[in-house]
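**Student:** Before I ask anything, let me first share the structure, which is written out below as structure tokens.
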Amino acid sequence: MKKLIILFFSSMLVLAACGQKEDSSSNDNNEENKQDNKQKEDSKKENANKSASNTEEQSTEEVTTDEQQSSEEENTNEEENENLNYKNVTDRDTLVKILYGDYTEEQKVIAYNSAVSNDVIPQGNVLEGPASAAYESSLRVESGEEKSIYDELPDDNEPSDEIVDRSNVMDYVEDYEGETLDTDSYTFKEPETRDDGSWGFAYYTKDGELAGSYIVDEYGMVSKFDEDGIEE
């Protein structure tokens, strides 16, 4: 009987020990699982922070790059404007850059007139308005779409086919002055031919003092001189 009692108590002790061991093992597993979960959460947070940081850095770099590109483009445009001489335009590309670039209207007009003077483009028919409109008119004249009004105007510098003589020399002088000679205030001497084929005559005040003179060459070109013989 004692042996059975002892055996019973021994079995109870063994079962209790096994239960404690299982509880301890279960607690250890729970601790390990908690630590693993915590590490995973910390890793996720760290990765999220890194991702946000990288995104912010990338965004900052993109903004900085855009600002640098914009600044470089502005500097390039300013340097290009400084390098273009709008007062002496000798090619069409330069003219176009000025007319449609960041220049004042006054500078554009100067550039257009310079291009016309340098035979870069023909004179357009637009006398008022923006220089770009005059340029577009020049292109139409060049292509034959428009007829230049300047082709119909006489050129005062062209030699005349008419022979200059005593009978018409005064007419050339009046054309030069744009009005008839003031015979009420001045006395005009009779024109005389010169050795080079030109004609010349002087004019005096009513008091008899020399007021000036004219010379008309054989082509009808007039030169005017003051009382001291200096050409005006």
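**Student:** How many residues does the range 186-232 contain that are part of a loop (DSSP other than H, G, I, E, B), of a type outside the set (Asp, Glu) and over 15 Å from residue 168 (Cβ atoms)?
**Tutor:** Count: 6.
**Student:** Let me ask something else. Select from the range 85-103 the residues that are hydroxyl-bearing (Ser, Thr, Tyr), open to solvent by 30 Å² or more (accessible area, probe 1.4 Å) and more than 8 Å from the chain's Cα centre (by Cα) and list them in ascending order.
**Tutor:** The answer is 86, 90.
**Student:** When the range 142-157 is examined, which residues are found to be out of contact with any Leu (no Cβ under 9 Å at 6 or more places or on another chain), at pLDDT 85 or above and exposed (fewer than 10 other Cβ atoms within 10 Å of the Cβ)?
**Tutor:** 143, 144
**Student:** If you take the residues in the range 173-232 that are hydrophobic (A, V, I, L, M, F, W, C) and out of contact with any helix residue (DSSP H, G or I) (no Cβ under 9 Å at 6 or more places or on another chain), which one is nearest to residue 162 (Cα to Cα)?
**Tutor:** Filtering the range 173-232 for residues hydrophobic (A, V, I, L, M, F, W, C) gives 173, 181, 188, 199, 201-202, 210-211, 215-216, 221-222, 225, 230.
Still in the running and out of contact with any helix residue (DSSP H, G or I) (no Cβ under 9 Å at 6 or more places or on another chain): 173, 202, 210-211, 215, 225, 230.
Numbers: 173: 14, 202: 23, 210: 30, 211: 29, 215: 17, 225: 24, 230: 28 Å.
Among those that are hydrophobic (A, V, I, L, M, F, W, C) and out of contact with any helix residue (DSSP H, G or I) (no Cβ under 9 Å at 6 or more places or on another chain), it is 173.
**Student:** Go over the candidates 160, 213, 185, 138 one by one and state the one that is among the polar types (S, T, N, Q), modelled with pLDDT of 90 or more, surrounded by 12 or more Cβ atoms within 10 Å (Cβ to Cβ) and over 30 Å from residue 95 (Cα atoms).
**Tutor:** Sole residue among the options that is among the polar types (S, T, N, Q), modelled with pLDDT of 90 or more, surrounded by 12 or more Cβ atoms within 10 Å (Cβ to Cβ) and over 30 Å from residue 95 (Cα atoms): 213.
**Student:** So the check is Cβ under 7 Å with 6+ separation or different chains; which pairs have a first residue in the range 167-192 that's within 19 Å of residue 218 (Cα to Cα) and a second one that's surrounded by fewer than 13 Cβ atoms within 10 Å (Cβ to Cβ) and of a type outside the set (Asp, Glu)?
**Tutor:** 174/180; 191/166
**Student:** Could you please find all residues in the range 110-128 being open to solvent by 60 Å² or more (accessible area, probe 1.4 Å) and either small (Gly, Ala, Ser) or outside any loop (DSSP other than H, G, I, E, B) (or both)? First the steps, then the outcome.
**Tutor:** Taking the range 110-128 first, the residues open to solvent by 60 Å² or more (accessible area, probe 1.4 Å) are 110, 113, 117-119, 127-128.
Across the range 110-128, the qualifying residues are 110, 113, 117.
**Student:** Kindly evaluate residue 172 against the criterion of being open to solvent by 60 Å² or more (accessible area, probe 1.4 Å), of a type outside the set (A, V, I, L, M, F, W, C) and not in a strand (DSSP E or B).
**Tutor:** Working: open to solvent by 60 Å² or more (accessible area, probe 1.4 Å): no; of a type outside the set (A, V, I, L, M, F, W, C): yes; not in a strand (DSSP E or B): yes.
No; evaluated as a whole, the condition is false for this residue.
The values are calculated or read from the model by the stated rules, or taken from the named source; none is laboratory data. Computed from a predicted model, the values in this text were never measured in an experiment. Cβ atoms come from the backbone with ideal geometry, glycine included; neighbour counts cover every protein chain shown. For accessibility, only protein heavy atoms count, side chains too; no ligands or nucleic acids. Shrake-Rupley method; radii C 1.70, N 1.55, O 1.52, S 1.80 Å.
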